[in-house]
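A.B. asks: To start, I am sharing the structure in question, which I have written as structure tokens.
The values are calculated or read from the model by the stated rules, or taken from the named source; none is laboratory data. Predicted, not measured: the structure shown is a model, and the values here were computed from it. Glycine also receives a Cβ, built like all others from the backbone with ideal geometry; neighbour counts cover every protein chain displayed. The accessibility values were calculated without ligands, DNA or RNA, using every heavy atom of the protein model including side chains. Shrake-Rupley method; radii C 1.70, N 1.55, O 1.52, S 1.80 Å.
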Amino acid sequence: MPGKILVTGGTGYIGSHTCVVLLQSGYDVHIVDNLSNSHQDVVDKIARITGKTPGFTRLDLCDKEVIYGFMKEHQDITGVIHFAALKAVGESWEYPVRYYHNNILGLLNLLNAMHESGCKNLVFSSSCTVYGQPDELPVSESAPLKKALSPYGNTKKMCEEIIEDHVTATSLNAISLRYFNPIGAHPSALIGELPLGVPNNLVPFLTQTAMGKRECLKVFGDDYSTPDGTGIRDYIHVTDLSQAHLAAIERLEKEKNTQPCEVFNLGTGSGYSVLDIIRTFERVNEVKVNHQIEDRRPGDIEKVWANPEKANRELGWKARLGLEEMLESAWKWEEALAQKH
Ligand code: NAD
Ligand code: UFG
């Protein structure tokens, strides 16, 4: 019988897609979120997609007493998927202390509360940002971690280390998932990414430009050492990514993990340039994207893509959807948002 999973940050972008997959696979789901970057109506959207309503509690993980109390009251929770974090790279340079406070303290409180209540399975949202600019591509999990390029990136590196140490000292089993670049939205267009203010990331900026909400997409640099000079990333469909969380939590719940602390890359294994993204978006959606080449963005790496073989082999998971599906769903989501406003 699938157990009950606590999803922190479950009304957010990746969390909401993962709740859908968990509910569709028979898991009971409870979301906790402080709604600092999401809306409670996402709970209803998840219910519309799945026909099942997840539990929801608005709480801040930085409030120790509250998360302790929550875990004590919900002793039936068998595993936790921890998405809740602040995630804007640029903002983390403006407010580093806010980022360290939220992302580190939130994790520490959660780990302690799980320990107190005897909950032993944790899946953590990490990022390929921990590799910096890797020396070898595709990058695999054994590559050395580099100095983080932002306070946000550093919180991910530090959280991975904290989890590793905690696992050594306790009976916790944990999996850190290093996402490459998640994009796209659920095919229903009921849930997707809701960037607050001006988006930092390529795809939300691109879809808003195509919609006419932004005048022009800046392409940050065309002088990189890549075939067309623009930066290369491994974009992954958020619905594929959510399936990997199901595989990870199942691995822990069924005690199939081979080590108490494991790390997996979640990418497709293919890299695409910024211009590849713009051209593919224009072709599959038959919409023009006004764009121009600008200077490089400080802190950007040149290129990164994953070696996802470990996740393919050990989690039995593989990204299935291609760039066209990612960019079609991203546009469908932008159109759905435009109808609401
Ligand atoms: P998101 O902002 O959409 O979701 C995060 C959710 O956590 C939000 O709903 C927010 O309200 C909540 N939250 C933040 N701090 C909280 C706190 N202290 N207590 C309770 N709730 C809190 O972000 P996302 O894109 O879904 O990212 C999910 C996770 O994946 C994050 O940890 C992020 O760092 C990581 N990640 C994201 C990307 C990406 O490109 N989206 C890439 C790599 C890693
Ligand atoms: N880019 C542009 N114009 C834009 C935005 C981005 O040209 O307006 C370019 C960037 O220079 C880069 C590529 O598009 O070459 C992707 O940029 P994103 O900002 O979408 O993504 P990043 O790879 O910089 O970072 C993202 C998340 C991080 C996360 C990382 C790895 O923002 O939180 O992926 O998962 F750590």
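A.B. asks: To the nearest 0.05, how large is the calculated FRET efficiency for ASP63 and ILE162 if R₀ is 22 Å and r is the Cβ-Cβ distance?
C.D. replies: Numbers: r = 19 Å, r/R0 = 0.85.
Rounded to the nearest 0.05, the efficiency is 0.70.
A.B. asks: What accessible surface, in Å², does a 1.4 Å probe find on GLU328, ignoring ligands, DNA and RNA and rounding to the nearest 10?
C.D. replies: 80 Å²
A.B. asks: Semi-axes, largest first, in whole Å: what does sqrt of 5 times each Cα gyration tensor eigenvalue give for the range 1-133?
C.D. replies: Values: eigenvalues 110, 66, 39 Å².
In descending order the semi-axes read 23, 18, 14 Å.
A.B. asks: Given R₀ = 30 Å, what would the calculated FRET efficiency be for TYR95 paired with GLU294, taking r from the Cβ atoms and rounding to 0.05?
C.D. replies: Values: r = 25 Å, r/R0 = 0.83.
After rounding to 0.05, the efficiency reads 0.75.
A.B. asks: Obtain the nm distance between the two label points defined at VAL198 and HIS39 by a simple spin-label model: each point lies 7 Å from its Cα along the Cα-to-C-beta direction.
C.D. replies: With each label placed 7 Å out from Cα toward Cβ, I get 2.3 nm.
A.B. asks: Right, here's the next one. Rounded to the nearest 5, what % of DSSP beta bridges with both residues in the chain are antiparallel?
C.D. replies: Working: 2 of 42 bridges.
DSSP beta bridges in the chain are roughly 5 percent antiparallel.
A.B. asks: Specify the inter-centroid distance of the range 101-176 and the range 315-331, based on alpha-carbon positions, in whole Å.
C.D. replies: 25 Å
A.B. asks: Average projected area of the Cα convex hull of the range 227-301, in nm²?
C.D. replies: On the way: hull surface 30.2 nm².
Average projection, Cα convex hull of the range 227-301: 7.5 nm².
A.B. asks: Separate question: By how many nm would the segment from LYS256 to SER171 grow when fully extended, if each residue of separation counts as 0.36 nm and the alpha-carbon distance is taken off? Intermediate values should be presented prior to the final figure.
C.D. replies: Working: separation 85, 0.36 × 85 = 30.60 nm, distance 1.50 nm.
Difference between extended and current length: 29.1 nm.
A.B. asks: Could you list the square roots of 5 times each eigenvalue of the Cα gyration tensor of the range 191-341, that is, the equivalent ellipsoid semi-axes, sorted largest first and rounded to whole Å? Working shown, then result.
C.D. replies: Numbers: eigenvalues 188, 77, 34 Å².
One finds semi-axes of 31, 20, 13 Å for the range 191-341.
A.B. asks: May I pose another question? Would you please classify the overall shape of the range 79-201 from the alpha carbon gyration tensor, given that a ≥ b ≥ c denote the square roots of the eigenvalues, rounded means a/c under 1.5, and beyond that prolate means a/b larger than b/c while oblate covers the rest?
C.D. replies: Numbers: a/c = 1.45, a/b = 1.24, b/c = 1.17.
Taking the square roots of the gyration eigenvalues as a ≥ b ≥ c, the range 79-201 is rounded.
A.B. asks: Which value, in Å², gives the accessible area per residue of the chain when a 1.4 Å probe is used on the protein heavy atoms?
C.D. replies: On the way: 15230 Å² over 341 residues.
Per-residue accessible area for the chain comes out at 45 Å².
A.B. asks: Note the per residue figure in Å³ for the convex hull of the C-alpha positions in the chain. List each step's numbers first, then the result.
C.D. replies: Details: hull volume 42.8 nm³, N = 341.
Here the figure is 126 Å³ per residue.
A.B. asks: Quick one: give the max-minus-min coordinate of the C-alpha atoms of the range 270-317 along each principal axis, largest first, in Å.
C.D. replies: In descending order, the Cα extents are 42, 31, 10 Å.
A.B. asks: Please give the solvent-accessible surface of GLU334 in Å², to the nearest 10, using a probe radius of 1.4 Å with every protein chain present.
C.D. replies: Surface open to solvent at GLU334 totals about 10 Å².
A.B. asks: Could you give the length gained on full extension between ARG48 and GLU215, defined as 0.36 nm per residue of separation minus the Cα-Cα distance, in nm?
C.D. replies: Values: separation 167, 0.36 × 167 = 60.12 nm, distance 3.43 nm.
Gain on extension, ARG48 to GLU215, equals 56.7 nm.
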